[in-house]
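Worksheet: the structure to be examined is printed underneath.
Read-outs throughout are calculated quantities, based only on the coordinates presented, and are distinct from any laboratory measurement. Remember, it's a predicted structure, so these values are computed and weren't measured experimentally. Using ideal geometry, Cβ is built from the backbone for each residue, glycine included, and neighbour counts are taken over all protein chains shown.
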Amino acid sequence: MSVEKIKEIRMRSGVGMDACRKALEESGGDVEQALELLKKRGIIKAAERAGRLATEGKVFSYNHSDGKIVAVVEINCETDFAAKSVDFKQFADLVLFQIVATSPLAVREQQVPLEAWEAQEAVFRAQIPVDVPEDRKQKIFSGKYMKWCSEVCLLGQDSVVVPGKTIEQIQVELSAKLGEKVNIRRFIRWEIGEGL
């Protein structure tokens, strides 16, 4: 399976690497057919919808008590009323604490930098024994990939504040409670000494 083709599908569709790989396998390695499959299944449409900005929301910040870590997050919603609610603010506090505690790479799988994905892919491939059959290798690889995504993507992480729930589950619950779409759009995390 060509990694270059998977990357091309990801770049053109905005869909996660695993969905791109599956579509490419089902299309017999044809990029255009894989894109068409993703479109027919509504996966591309869902990815486009997820990337759309709601018209309201707020930017929240958190400065850790020791003054060495700061996080800023943008969370969007559909109305100003929801953005001003106590539930929305509590969710933002929970998200900021998660970012400070776990240092995720991205909000969602589609936003993981390609360089990070490529580096991790090389590690996964090296961990799989050579004598394992090809179809089994792909299953092992997919399992490792999904686990890694849940660890490095904010939405897939288990909440450090609400045990037993992921950040995405908490976001969905808040959306249901407010009756409108809530979307963590982006975040930044700074720590003293990082990048030096």
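Spatially, segment 15-40 and segment 161-196 are offset by 29 Å when compared through their Cα centroids. Taking the charge dipole of the chain about its Cα centre, with +1 at Lys and Arg Cβ atoms and -1 at Asp and Glu Cβ atoms, the residue from ALA119, SER2, VAL15 reaching farthest to the positive side is VAL15. Once the Cα atoms are used to define both axes, helix 3-13 deviates from the longest principal axis of the chain by about 40 degrees.
Charge dipole of the chain (Cα centre as origin; +1 on each Lys and Arg Cβ, -1 on each Asp and Glu Cβ, all else neutral): 300 debye, rounded to the nearest 20. Counting only residues at least eight positions apart within a chain, or on another chain, the lysines with an alpha carbon under 21 Å from that of LYS177 are LYS58, LYS84, LYS89, LYS165.
As a length-normalised measure over Cα pairs under 8 Å and 6 or more apart, the relative contact order of the chain settles at 23 percent. Bridgeable lysines around LYS40 (alpha carbons under 21 Å apart, same-chain partners fewer than 8 residues away excluded): LYS5, LYS7, LYS22.
Can you give the angle from 0 to 90° between the axis of helix 134-152 and the longest principal axis of the chain, with both taken from C-alpha atoms, to the nearest 10? Between the helix axis and the principal axis of the chain, the angle is about 10 degrees.
Determine the shape class of segment 55-196: with a ≥ b ≥ c the square roots of the Cα gyration tensor eigenvalues, call it rounded for a/c under 1.5, and otherwise prolate if a/b is greater than b/c, oblate otherwise. Prolate is the answer for segment 55-196, as a/c is 1.5 or above and a/b outweighs b/c.
Here the chain carries DSSP beta bridges of which approximately 95% are antiparallel, counting only pairs with both residues inside. Estimated from helices alone, the mean residue ellipticity of the chain at 222 nm is -16500 deg cm²/dmol (sum of -39500 (n - 2.57) over DSSP H runs with n ≥ 4, per residue). The order of the peptides 25-31, 102-108 by mean Cβ neighbours within 10 Å, most packed first, is 102-108, 25-31.
For the chain, the longest principal axis of the C-alpha atoms and the axis of helix 114-127 are separated by about 50°. By the count of other C-beta atoms within 10 Å, a proxy for reagent exposure, MET11, MET17 are ordered fewest to most as MET11, MET17.
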